[in-house]
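Chemist: Following this message is one structure expressed as structure tokens.
The values are calculated or read from the model by the stated rules, or taken from the named source; none is laboratory data. Just so it is clear, the structure is predicted and the values come from calculations on it, not from any experiment. No Cβ is skipped: glycine too gets one built from the backbone with ideal geometry, and neighbour counts run over all protein chains shown. Just the protein is used for accessible areas: all its heavy atoms, side chains included, with ligands, DNA and RNA removed. Shrake-Rupley method; radii C 1.70, N 1.55, O 1.52, S 1.80 Å.
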Amino acid sequence: MAGIRLQSDDSDVSQQTRAVAVSAADLVSDDDRSVAADSWSIKSEYGSTLDDEQRHADAAEALSSANFRAASDYSSDKDEPDAEVVSSMLGFQSYWDSAYADELANFREHGHAGEVWFGANVMETVASWTKNLCIDISRGQIPNHVDDTEAELTEQCNKHLSSWSVLDIGTGNGLLLQELAKQGFSNLTGTDYSEGAVNLAQNLAARDGFSNIKFLVDDVLETKLEQQFQLVLDKGTLDAIGLHPDGPVKRMMYWDSVLRLVAPGGILVITSCNNTKDELVQEVESFNQRRIAMAQEHETANGHESCKDHPFRYLSHVRSYPTFTFGGSVGSRVATVAFLKN
């Protein structure tokens, strides 16, 4: 997972927000962290000791019912944090540092890979669907629909995939990158702001024979990466950012940062269990409008004509996830959506 650290702000409101965040973090015990993780994440056969279906149901319920209040709504003088405060801990780096320290220790003792966010089936679907999307684009095709079924990898397909530079932001244990390597990608980089996550990902990659995958400690919202990538993936990172009390502001920072990381003509693939496909598309459209407005202001101030193209546009989404109907609307517990950078 990935998160953020805001720059210093001398305002009273920002000082109060930071104080609340620190106080809330101090209140969360190891048991609370375990409960929060179990209710939000999903383990699979990669070392799970809990029932997968129950974890999936708990995760979906926790995220779909989350109420993201303003920071001022949280009280730091409670003996025990309520459920909403515990949920917000998933937006803090301290939570993930603790979680991955536990998972790294578990790996060293038992060889377990740890959490597979949204489950192994979703991870495999994301990898195979993304592979087919990249092959189509390499062939000069802009698809209206991308199949996520397994396709035979020809020598030409392998050549296409090996040319793609890939970044997984908030990589966690790095298993998604391992799955992409199995699909034929070879130029793979994973980043996470938790050093424990990066250590775990490096150990797993070395054990499983994927020593070519690079892992770096980097905060997606304060990224130090200067390289741009043709394919950028996010599986749950935007979800975690949204769980912070300052989630709306942090999400705006997220889009500014991701825009710098995706190469022109490149693809951003986001997998979320807290946003529908339509909500992600709308969020990108809002970001596009904000960037255009900023460019127009710059044009007015400097007298230079600015680019009015949308930074990102919707490309495709996974259609094979199980769906459910509620209130006359059809939805899915997980959404994977691809955007093309103009």
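Chemist: How do the pairs read when you match residues in region 318-342 that are over 28 Å from G265 (Cβ atoms) with residues anywhere that are at pLDDT below 90 and surrounded by 15 or more Cβ atoms within 10 Å (Cβ to Cβ), using Cβ under 6 Å and keeping only pairs 6 or more apart or on different chains?
Modeler: Between residues of region 318-342 that are over 28 Å from G265 (Cβ atoms) and residues that are at pLDDT below 90 and surrounded by 15 or more Cβ atoms within 10 Å (Cβ to Cβ), the close pairs are T323/S332; R333/A60.
Chemist: Taking into account only those residues within region 321-342 that are of a type in the set (F, W, Y) and in a strand (DSSP E or B), which is modelled with the highest pLDDT?
Modeler: Looking at the filtered set, the residue picked out is F339.
Chemist: Right, next: How many of the residues making up region 193-225 are closer than 17 Å to G111 by Cβ and of a type in the set (F, W, Y)?
Modeler: So the answer is 1.
Chemist: Here is a further query. Of all helices (runs of 4 or more DSSP H) completely enclosed by region 116-193, which ones contain at least 2 residues that are open to solvent by 50 Å² or more (accessible area, probe 1.4 Å) and modelled with pLDDT under 95?
Modeler: Here the list reads 155-162.
Chemist: Please work out which one of (1) within 30 Å of H160 (Cβ to Cβ); (2) open to solvent by less than 50 Å² (accessible area, probe 1.4 Å); (3) in a helix (DSSP H, G or I) is the condition V232 fails and give its number.
Modeler: Going through the list (1) within 30 Å of H160 (Cβ to Cβ); (2) open to solvent by less than 50 Å² (accessible area, probe 1.4 Å); (3) in a helix (DSSP H, G or I), V232 breaks only (3).
Chemist: Next question. Go through (1) open to solvent by less than 20 Å² (accessible area, probe 1.4 Å); (2) within 12 Å of the chain's Cα centre (by Cα); (3) of a type outside the set (D, E, K, R) and name the single condition G247 misses.
Modeler: All conditions are met except number (2).
Chemist: Restricting attention to region 194-206, report how many residues are open to solvent by 10 Å² or more (accessible area, probe 1.4 Å) and in contact (Cβ under 8 Å) with a residue 40 or more places away in the chain.
Modeler: Summing the residues that are open to solvent by 10 Å² or more (accessible area, probe 1.4 Å) and in contact (Cβ under 8 Å) with a residue 40 or more places away in the chain in region 194-206 gives 4.
Chemist: Same structure again: List every residue pair whose Cβ atoms sit under 9 Å apart, with the two residues 6 or more apart in sequence or on different chains, where the first one lies in region 281-296 and is of a type in the set (D, E) and the second, anywhere, is part of a helix (DSSP H, G or I).
Modeler: Cβ pairs passing all conditions: E283/L238; E283/R251; E283/W255.
Chemist: Further, regarding this structure: Can you work out which of the residues in region 257-279 that are within 11 Å of F229 (Cβ to Cβ) and among the small types (G, A, S) is most open to solvent (accessible area, probe 1.4 Å)?
Modeler: A263
Chemist: Quick check, is R290 open to solvent by 40 Å² or more (accessible area, probe 1.4 Å) and part of a helix (DSSP H, G or I)?
Modeler: yes
Chemist: So which residues in region 294-320 are hydroxyl-bearing (S, T, Y) and either part of a strand (DSSP E or B) or at pLDDT below 90 (or both), if there are any at all?
Modeler: T300, S306, Y314, S316
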